[in-house]
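Written below as structure tokens is the structure these notes are about.
Values in this text are rule-based calculations from the coordinates and carry no lab data. Note that this is a predicted model, so its numbers are computed, not measured. Note that we place each Cβ from the backbone using ideal geometry, even for glycine, and neighbour counts take in every protein chain shown.
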Amino acid sequence: MALESSCDETACAIVNGREVLASVVASQIATHAPFGGVVPELASRAHLDAAVPVTLAALHKAQLELSDLDAVAVTQGPGLIGALLVGVQLAKGLAVASGLPLLGVHHMEGHLFSTSLIDADHAGPAFAPHLALLVSGGHTELVHVEGLGNYTRLGGTRDDAVGEAYDKVAKMLGLGYPGGPTVDRLAQAGRGDAIEFPRAMIHRPNDEFSFAGLKTAVSVHLEREGQPSTRAELEDLCASFQAAVVDVLAFKTLRARRRLGVRRLCVVGGAAANSGLRAALQSAAAKEGFEFVPAPLRYCGDNAAMIAAAAAARIEAGEDASLELFSHRSLDKLVPPRSVTAAVRDVGPTT
Ligand code: KG4
Ligand code: ZN
């Protein structure tokens, strides 16, 4: 079982290896929308409200008891500290109460696992090797994934993350928060060549990105031309912005894939839901003959299934419980530093 509470989604999932038995996500979008972004203190409080119900819902959905589990995992970071603490404290409580090993998972490693999940509608491939484009509200990274724990960050954004650029452009257009899905929907009906926006760093011989200049270009365009006065103008503007983002992401990602000679490309993270990005990479895959695996839409945004799958892989590889999550040494006695496989074997049912 894994818990995820790093930002504005409270999630709990139960997996058997890569197979998802239950994945429950409580979104806080309605809480934060009036403020145009995530308010950390409100996020922590909303996690407190949702964490236990979401956990019970996951157990109910999987038809399991706490005593049926092998381990408890939790997103250890990066994320909002007050938000992370809620998930970590609940996971610690569950682990201590049930005698299960506790594993901390890096949120980004979790996203990398989202393409290999298996459920009724998606049979993801085994984890690695592949090239991953990780695009979310806080991150834009190209990662060469050679195996579990063997990740090389090739490059990333020097300023705004992709999702962040979408959210900021949406704000300029008065489209609400989060802006990614709305801008994407409008873009699908517009003309991508209506307005010429810059493709920053596209010809630089590196794997770095920059989206702050594009955001400024949209702002300058709005100052000069005013807000779009018709739905068609709004759609054209969104489509032109999206074309600029997708051109750079696709061009540099595809070039990196060819250079590395990697046969599989994965795209993960909240902005991996973007229709333009998925279509561009899909058509390149057909043309260049590589395997393209986009994260299923339900696992693009933050969820606990990806965290649980990462933890399951680590357990299978023999990793011990992450004792550093227990800040007080005396707690070591409750989760002794033994191998997880040994722990799994002699853990009794909850009393
Ligand atoms: O991974 P995620 O749920 O949270 C973070 O870890 O950041 O990603 C959320 C981000 C938001 O910035 C949102 O606007 C963006 O993903 N996003 C999109 C789309 N759907 C969500 N960006 C572009 N196109 C989309 N369809
Ligand atoms: Zn995320």
Report summary line: the stretch 38-60 and the stretch 130-197 have their Cα centres apart by a whole-number Å value of 26
**Report entry** Which of I202, Y151, V169, positive extreme of dipole for the stretch 126-218 (C-beta unit charges)
**Finding:** V169
Query raised in the report: What size of dipole, in debye to the nearest 20, comes out for the chain about its Cα centre when the only charges are +1 on Lys and Arg C-beta atoms and -1 on Asp and Glu C-beta atoms?
Result: 600
Query raised in the report: Using the count of nearby Cβ atoms within 10 Å as a rough guide to exposure, how do E164, E233 rank from fewest to most?
Result: E233, E164
Report summary line: Check: in the chain the Lys pairs 8 or more apart or on separate chains whose Cα atoms fall under 29 Å apart number 8
Report task. Report the extension gain between N206 and R258 in nm, rounded to one decimal, defined as 0.36 nm multiplied by the number of residues separating them, less their alpha carbon distance. Result -> 17.4 nm
Report task. Just rank T253, T182, T157, fewest to most, by other beta-carbon atoms within 10 angstrom. Result -> T182, T157, T253
Query - Virtual spin-label span in nm between D247 and K61, 7 Å along Cα→Cβ - result: 4.0
**Report entry** Dipole magnitude of the stretch 27-158 about its Cα centre (Cβ charges: Lys, Arg +1; Asp, Glu -1), debye to nearest 20
**Finding:** 360
**Report entry** Amide N proximity, the stretch 265-296 versus R191 label position 7 Å along Cα-to-Cβ, cut-off under 20 Å
**Finding:** 276
Query raised in the report: Rounded if a/c is under 1.5, else prolate if a/b is larger than b/c, else oblate: which is the chain, with a ≥ b ≥ c the root eigenvalues of its Cα gyration tensor?
Result: prolate
Report task. Distance from a point 7 Å along Cα→Cβ of E316 to each backbone N in the stretch 126-166: keep the residues under 14 Å and list them by number. Result -> 126-129, 147-149
Report summary line: Placing +1 on each Lys and Arg Cβ and -1 on each Asp and Glu Cβ in the chain, then taking the dipole about the Cα centre, the residue among L103, V39, S275 whose Cα reaches farthest towards the positive end is S275
Query - Lys, Arg +1 and Asp, Glu -1 on Cβ, resulting dipole of the stretch 61-134 about Cα centre, debye, nearest 20 - result: 240
Query raised in the report: Which of A308, A256, A71 moves the most in a Gaussian network model of the chain with Cα springs under 10 Å?
Result: A256
Requested in this report: Counting other beta carbons within 10 Å of each Cβ, put F290, F113 in order, fewest first.
Outcome: F290, F113
Query raised in the report: Can you give the relative contact order of the stretch 152-220 as a percent, counting alpha carbon pairs under 8 Å and 6+ residues apart?
Result: 43
